[in-house]
Amino acid sequence: MSFKIHWMFIKMKYASRMAYRLDFLMSIVAFFLFQFIGPAIIGIIYYAGGEFPGWTMPQVLLIMGSLALVRGFSFMFYVGILWATMRHVERGTLELLFIRPINKLWMLMMDSFDEEDIGQLIAGLALTLIALSLVDVHGSWLLYFVFLFFGLIFFLSIGLLGSAATVLWVKTRRLYEIIDIFMIFASYPKTIYSKEISLLFTTVLPLFILGFYPASALLGFAIDNAVLCIVSVTIFFAISLYLWNAAFKKYSGAGG
Amino acid sequence: MLEMERAVIAISWKAAITWRFSMLLSLITGPMVLFVNYSVWSSIYMATGKTLIGGYTFEQMMTYIVVSFTLFYLLWDDADESLHEDILTGALTASLLKPLSYMYFQLLHKIGHRFLALLIEYIPVMIMAGFLFGFDIYAEHHIGYFIASIPLAFITTLLINMLIGIAAFWLVKPKGVKWLYRMVGGFLSGRGLPLALFPLFLQKAFIFLPFQYIAYVPAQLFMGNYTLGEVTLAPIKVLFYGVIQVIVLYFIVALAWKISVKRYCGSGT
């Protein structure tokens, strides 16, 4: 039942955006191009004679493609709960959303569906396919998809944390900037960071699950501490969910 | 007359102060971005064993990155967003009645809020970068040329944003145009990555575009030299061409405004 309503929400969102087709198309193009800026920078670095230790350009592109794929899907389907929460809290319409007979989080996810992020998803798919056509796959597809799945969970956790922070502090617009910076950190091979930073992005803030581990799994590279990273994502998600529930228990509004 | 300018700048300053805590977040995000760039480039220089990449030593690359990145704090404005809002809500009607042109008002407004950014974002992040990467990154500096390039960058950014904003006269929903520029604008201006590293045909194209004056030109002038698309120019000549570029861009924006504002119709708010 929830899936059916969810699908109807998505169709409605697309229908309303189609009222302004040119704007919608340009937004999709903008998000599509945005995902190619990182790979363009990598291309320029290699063109200028630079390289990352132990990684060829297509291999780095695979990291970025995998990241863009996970990011595109997550931003389209649920990371928007952060902005949806902010919008509803500012307008005082959150409780109107929650009186509907659907799970609160599910309702918020439906409401936050971001139709123009399909540009990011398509770009992620295109980047991954381009990278795959240029590298030799010696690793495991199964592991690749397992890492991607946990990448999706990680993004859900980020959305939950952002949403919880918004309920508590309302004005959190610059959270987007912090998420973008995390993405920059996640775009490069683990080998460029010091041991301490690598450990940080494997455990406390498991960013390597988004690009480095999926690409390494597919390329057949060593995936040290991958289990630790997966466990960290799981714990990160559990904490985020707990905090989200705790924050929403504290929420009070006057009813729109 | 100057009293009016002073008043607009003072009001913008006061309005910006209400966002001071949001601005202070740059003290965390700025060093984080610079740190990831440091990690990337130090590993690249180490892996290749080269002392020069694209004509830059590691220290010069860090200087370029820090200067071009932090400059954004001084240049940022939301003229595009304001114009969109004013057109869509009808608030533009009141703005058109003011004894100041809309563009001039935006310029004064920008001076007000960016002056605050200079104090609580730009200078602190520059100092933090010095502590993080060593103050040697500022050793090879030509501060005079750099300061002279800032007004050009400041006005160029505003004019481009105004041009993006003008799209709202023609489109009911102009968000897409705004996003498109925001996503690629930094990249085209050389923010964080020198344009001199790009393929030659792109460098030659960049010479004729205004974007280089937003980040590449100020950062290069800070280091005292300018080369793009195999064209090497003395700093004073770069500044001279910058002035011409600003004048041309101004006339383009003024013409676009003149044509577009005729489409506007508001009933007063």
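The values are calculated or read from the model by the stated rules, or taken from the named source; none is laboratory data. Nothing here was measured: the structure is a model prediction, and the numbers come from that model. Every residue, glycine among them, receives a Cβ derived from its backbone with ideal geometry; neighbour counts consider all protein chains shown.
Just to be sure, is A:Tyr176 among the hydroxyl-bearing types (Ser, Thr, Tyr), within 14 Å of chain B (Cβ to nearest Cβ) and assigned to a helix (DSSP H, G or I)? Give the derivation first.
Values: among the hydroxyl-bearing types (Ser, Thr, Tyr): yes; within 14 Å of chain B (Cβ to nearest Cβ): yes; assigned to a helix (DSSP H, G or I): yes.
The answer is yes for A:Tyr176.
Taking the condition out of contact with any Lys or Arg (no Cβ under 8 Å at 6 or more places or on another chain), assigned to a helix (DSSP H, G or I) and without any contact (Cβ under 8 Å) to a residue 12 or more places away in the chain, does A:Phe32 pass? Working first, answer last.
On the way: out of contact with any Lys or Arg (no Cβ under 8 Å at 6 or more places or on another chain): yes; assigned to a helix (DSSP H, G or I): yes; without any contact (Cβ under 8 Å) to a residue 12 or more places away in the chain: no.
In short, no.
Might you let me know whether segment B:168-191 holds any residue that is free of Cβ contacts under 8 Å to residues at least 12 places away in the same chain, part of a helix (DSSP H, G or I) and away from chain A (no Cβ under 14 Å)?
There is no residue in segment B:168-191 that is free of Cβ contacts under 8 Å to residues at least 12 places away in the same chain, part of a helix (DSSP H, G or I) and away from chain A (no Cβ under 14 Å).
What is the residue count in segment A:181-198 for residues that are closer than 20 Å to A:Ala217 by Cα, without any contact (Cβ under 8 Å) to a residue 12 or more places away in the chain and facing another protein chain (nearest Cβ under 10 Å)?
Count: 1.
Can you find even one residue in segment B:231-246 that is over 23 Å from A:Gln35 (Cβ atoms), at pLDDT below 90 and either touching a Gly at 6+ places or on another chain (Cβ under 9 Å) or part of a helix (DSSP H, G or I) (or both)?
Here is the first cut: in segment B:231-246, the ones over 23 Å from A:Gln35 (Cβ atoms) are B:231-246.
With at pLDDT below 90 added as a condition, the list becomes none.
Among the residues of segment B:231-246, not one is over 23 Å from A:Gln35 (Cβ atoms), at pLDDT below 90 and either touching a Gly at 6+ places or on another chain (Cβ under 9 Å) or part of a helix (DSSP H, G or I) (or both), which makes the answer no.
Just name the residue that is modelled with the highest pLDDT out of those in segment B:93-131 that are over 24 Å from the mean Cα position of the chain (by Cα) and not β-branched (Val, Ile, Thr).
In the first step, residues of segment B:93-131 are kept if they are over 24 Å from the mean Cα position of the chain (by Cα); the result is B:93-99, B:131.
Subsequent filtering for residues that are not β-branched (Val, Ile, Thr) retains B:94-99, B:131.
Working: B:Ala94: 87, B:Ser95: 87, B:Leu96: 89, B:Leu97: 88, B:Lys98: 86, B:Pro99: 86, B:Phe131: 92.
That would be B:Phe131.
Looking at segment B:197-204, is at least one residue of a type in the set (D, E, K, R) and more than 28 Å from B:Leu25 (Cβ to Cβ)? Full working, then the answer.
Applying the first criterion (of a type in the set (D, E, K, R)) to segment B:197-204 yields B:204.
Remaining after also requiring more than 28 Å from B:Leu25 (Cβ to Cβ): B:204.
Looking for residues that are of a type in the set (D, E, K, R) and more than 28 Å from B:Leu25 (Cβ to Cβ), one finds at least one in segment B:197-204, hence yes.
Of all residues in segment A:112-135, count the ones that are part of a helix (DSSP H, G or I) and under 16 Å from A:Pro214 (Cβ atoms). Steps first, answer last, please.
Residues of segment A:112-135 part of a helix (DSSP H, G or I): A:115-134.
If we keep only those that are under 16 Å from A:Pro214 (Cβ atoms) too, we end up with A:121, A:124-125, A:127-132.
Total satisfying the criteria: 9.
Just checking, which of B:Ser68, B:Ser42 is within 17 Å of A:Ala48 (Cβ to Cβ) and either surrounded by 18 or more Cβ atoms within 10 Å (Cβ to Cβ) or away from chain A (no Cβ under 12 Å) (or both)? Let's see the steps before the verdict.
Numbers: B:Ser42 fails: either surrounded by 18 or more Cβ atoms within 10 Å (Cβ to Cβ) or away from chain A (no Cβ under 12 Å) (or both).
Going through B:Ser68, B:Ser42 in turn, just one is within 17 Å of A:Ala48 (Cβ to Cβ) and either surrounded by 18 or more Cβ atoms within 10 Å (Cβ to Cβ) or away from chain A (no Cβ under 12 Å) (or both): B:Ser68.
To keep it simple, each residue is scored yes or no on (1) within 14 Å of another protein chain (Cβ to nearest Cβ); (2) in contact (Cβ under 8 Å) with a residue 12 or more places away in the chain; (3) more than 22 Å from B:Asn37 (Cα to Cα).
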residue	(1), (2), (3)
B:Tyr145	no, yes, yes
B:Ser149	no, yes, yes
B:Pro194	yes, yes, no
B:Met223	no, yes, no
B:Val238	no, yes, yes
B:Val243	no, yes, yes
B:Val246	no, yes, yes
B:Tyr250	no, yes, yes
B:Ala254	no, yes, yes
